[in-house]
Amino acid sequence: DAKTTQPPSMDCAEGRAANLPCNHSTISGNEYVYWYRQIHSQGPQYIIHGLKNNETNEMASLIITEDRKSSTLILPHATLRDTAVYYCIVRVAGGTGANSKLTFGKGITLSVRP
Amino acid sequence: DTGVSQDPRHKITKRGQNVTFRCDPISEHNRLYWYRQTLGQGPEFLTYFQNEAQLEKSRLLSDRFSAERPKGSFSTLEIQRTEQGDSAMYLCASSLGREGAFFGQGTRLTVV
């Protein structure tokens, strides 16, 4: 899988939008961008994924640049409960074997302040 | 609750003992993954099943580790002769096709 680069940490004010960046400059044409988050002592939680079009669901929006070399996860109205480690992962969707697994980095720690 | 279920949530064992963890994936998910996570690190891949077939094993999975998924439904991860370095959170995830994998809450193992 292609590697991703995320800053180690960021913070934002409660109620404001949190924009979490991710670089994946070596992404392949058949690799999707996935975002997960992990709240302390819990298992990772799936947030969203996309290939090249922007995606939105009830949790977040995913903006992927046209060249697909970077993306941004947007939490439109951050709350204290959004404080977590956020992982950006690229993966061949529906792949088998080595292409199937998610490879986690260290992620970005988002701290939402009151 | 129809999510991924792991049992037990916590396990304390003495060094040298064997332990077994169970994972019940989301119904009809054909893929099942085991990960290990130590403090301050992201989850590390251990092994992967598609239905009952174990298709990939990480080099992290030493000979003391074995995983099974006998009927393509639940899975077990056994660690024999536990060592203090095995202390970690063991996570199970399942998926179906292109969608993201969904994780359980993990089993926290402490080897004393």
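Figures for the structure shown
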{"read-out": "Which of B:PHE103, B:PHE21 is most accessible, then next, and so on - probe 1.4 Å", "value": "B:PHE103, B:PHE21"}
{"read-out": "Where a label projected 7 Å from the Cα of B:THR110 along Cα→Cβ would reach, residues of the stretch B:36-70 with amide N under 15 Å", "value": "B:39"}
{"read-out": "Violating pairs (Cα-Cα greater than 20 angstrom) within the set A:LYS3/A:LYS106; B:LYS11/B:LYS57; A:LYS3/A:LYS101; A:LYS3/A:LYS52", "value": "B:LYS11/B:LYS57"}
{"read-out": "Cα-based reach from B:LYS14 at 16 Å (exclusive), listing aspartates and glutamates while leaving out same-chain residues under 8 positions away", "value": "B:GLU78, B:GLU83, B:ASP86"}
{"read-out": "Whole-percent carbon and sulfur share, accessible surface of the stretch A:21-114, 1.4 Å", "value": "49 percent"}
{"read-out": "B/A buried area, accessible surface, summed, 1.4 Å probe, Å²", "value": "1800 Å²"}
{"read-out": "Estimated FRET transfer efficiency (A:ILE63, B:ILE12; beta-carbon r; R0 41 Å; 0.05)", "value": "0.40"}
{"read-out": "FRET efficiency for A:GLU14 and B:GLN80, using Cβ-Cβ distance with R0 set to 30 Å, rounded to 0.05", "value": "0.05"}
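The values are calculated or read from the model by the stated rules, or taken from the named source; none is laboratory data. Computed from a predicted model, the values in this text were never measured in an experiment. Every residue, glycine among them, receives a Cβ derived from its backbone with ideal geometry; neighbour counts consider all protein chains shown. Surface accessibility is based on the protein's heavy atoms, side chains included, excluding ligands, DNA and RNA. Shrake-Rupley method; radii C 1.70, N 1.55, O 1.52, S 1.80 Å.
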